[in-house]
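One structure below.
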Amino acid sequence: MTTLSVFLDLPRSIKDKDKRQEEAYIKDRDRRKIYLGHKVLLSEDGQPWIPLAVRKVYLQIVNDPTRNYEHLPVAGAPEFIRGATEFALGKNSNAVLQNKASGVQTPGSTGAFRLGAEFLHRWYNISHKTSVCIALLPYDRYRTIFESAGLTDIRPYRFWDDNKMGLALPEMLEDLERSPDVSIVVLPTSCNPTGIQLSSSDWKQIADVMRRKNMFPFFHLKDQGLGSGDVDADAWPVRYFASEGFELFCAQSFSASFGLYGDRVGNLLIVMKSNEAVISVRSQLESLAREIWSTPPCVGSRVVATLLNNPSLYVEWKDSLKMTVRRLMIIREKIREKLRLLETLRSWEHLTDQAGVFAFTGLTSDQVAILAKETHVYLPEHGQMNISGLNANNLDYVTQAIHHVTMNDH
């Protein structure tokens, strides 16, 4: 028997640049080092934020002596699916009241995208090659999911304007106009990942183009409630498209808003034109889910379902969201004002024009590299900053570090 592995010549996977940056931070021995590339919402003490209401529900569930450990149904817990659907669309949505909406529980929003992509590859526009329009951002979080599912005709659309430090709406609309009819369009919401808040007017213009070109919306509703502090306002784009008669998918994530990162609680929301279509689509999604992961995990979804269906806990949780969003905005205002007082050679208004957990700073990859090398402050290469990583202990130092690397701006 051979002693050599059959995988001896297998090349190693190339680590993405963000991962390499995180490893560099871990190896850095300087006591001043600060990492602002976390993907989770942090509390003031630098630990992942968990709402008190979620802690209460979690303890109730794990200490419940009557709880069983049976597998959930393939599509997930019915009470979770109902709660997640109403959470995104609103209880008074026509799609909800007329049974034109449902969902399938998934391992996070990544699982929702993979499940949705697999379904669309098999059943959407099957007589033609389907294009997928994805926001052109400094990093691409969606492309590989759709390509792995077989949807390889990716059409990037412009979304972020480096000069304006904000939304490139005219360019986005132009790119969507040029894309093939019946394309799938991936639409990020809730200020993630850029911090951009699209107005209702912006969304209506996007919807007009997509309606005319018969495009299929695939939303990413990741941090509902952490953009504006209002869960209904953050879900407005999805609700508007549903009210306008669009059939759509929406990848929901409950990681940040509920502090349930390790539990991987997601949902693939589906909105169709009829209940019959919902039943058919959901049945095919269930078959795909059974092939990919069999059944979803149960504890996190039970936490979410319990909280969404308990009025007093729901109000307590929403209040904690508002407090957290207020803290994030105060941090944005403080860093903008400190940079202004240092007389940096650029405007930082975009930091407070944005919202949510993350901000696009506008720092170049070279400036990010200098920031790490000379000041030991680490950001992803594209300059995205986790605002929640800033606190009273590091805000002054980070501000000085940013000022240092932007002194030569013209």
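Sequence-ordered 3J(HN,Hα) estimates for region 260-274 from the Karplus curve with 6.51, -1.76 and 1.60 and θ = phi - 60° stand at 10, 4, x, 8, 6, 9, x, 8, 9, 6, 10, 10, 10, 7, 8 Hz, glycine and proline given as x.
Beyond 20 Å in Cα-Cα separation lie the following of the pairs Lys33/Lys373; Lys100/Lys129; Lys91/Lys204; Lys56/Lys318: Lys100/Lys129; Lys91/Lys204.
Taking 0.36 nm per intervening residue step and subtracting the Cα-Cα distance, what contour gain separates Met407 from Thr352 on full extension?
17.7 nm
Shown in residue order for region 290-306 are the 3J(HN,Hα) couplings computed by the Karplus curve 6.51 cos²θ - 1.76 cosθ + 1.60 at θ = phi - 60°: 4, 5, 8, 9, 6, 10, x, x, 10, 5, x, 5, 5, 4, 4, 4, 4 Hz (x for Gly and Pro). The Cβ shell under 14 Å around Leu97 holds other residues with a net charge of +3, Lys and Arg each +1, Asp and Glu each -1. A Förster radius of 51 Å, combined with the Cβ-Cβ distance separating Thr66 from Arg340, puts the computed FRET efficiency at roughly 0.30. Dividing the summed -39500 (n - 2.57) terms of all DSSP H runs of n ≥ 4 by the residue count of the chain sets its mean residue ellipticity at 222 nm at -13000 deg cm²/dmol.
A cut-off under 11 angstrom between Cβ atoms defines the neighbours of Ser109, and their net charge, with Lys, Arg +1 and Asp, Glu -1, is +3. Taking the Cα centre of region 269-373 as reference, the dipole from Cβ charges on Lys and Arg (+1) and Asp and Glu (-1) amounts to some 260 debye. Ligands, DNA and RNA are left out, and with a 1.4 angstrom probe the accessible area of the chain is 47 Å² per residue.
Taking the protein heavy atoms of the chain in the context of the full set of protein chains, the accessible area attributed to carbon and sulfur is 51 percent at 1.4 Å.
Taking a sphere under 13 Å around the Cβ of Leu169 and counting the other residues whose Cβ falls inside, with K and R at +1 and D and E at -1, yields a net charge of -4.
3J(HN,Hα) along region 345-353, derived from phi through the Karplus expression 6.51 cos²θ - 1.76 cosθ + 1.60 where θ = phi - 60°, amounts to 8, 8, 8, 10, 4, 4, 5, 8, 6 Hz, with x in place of Gly and Pro. Spacing of the modelled spin labels on Leu10 and Met323, each 7 Å from Cα toward Cβ, amounts to 4.8 nm. Cross-link partners of Lys164 among aspartates and glutamates, defined as those whose alpha carbon lies under 14 angstrom from its own and excluding same-chain residues fewer than eight positions apart: Glu349, Asp353. For region 294-370, the normalised intensity computed at q = 0.13, 0.17, 0.25 Å⁻¹ comes to -0.64, -0.79, -1.16 (log10 of I(q)/I(0), Debye sum over alpha carbons, equal scatterers, no solvent). Near the amide H of Cys133, within less than 5 Å, lie the amide hydrogens of Arg155, Ile184, Val185, Val186, all on another chain or at least 5 residues away, with H placed in the peptide plane. Note on the chain: antiparallel DSSP beta bridges, both residues inside, total approximately 50 percent of the bridges counted.
The values are calculated or read from the model by the stated rules, or taken from the named source; none is laboratory data. Remember, predicted model here, so these are calculated numbers, not experimental data. Using ideal geometry, Cβ is built from the backbone for each residue, glycine included, and neighbour counts are taken over all protein chains shown. Areas reflect the complete protein model, heavy atoms only, side chains present, ligands, DNA and RNA absent. Shrake-Rupley method; radii C 1.70, N 1.55, O 1.52, S 1.80 Å.
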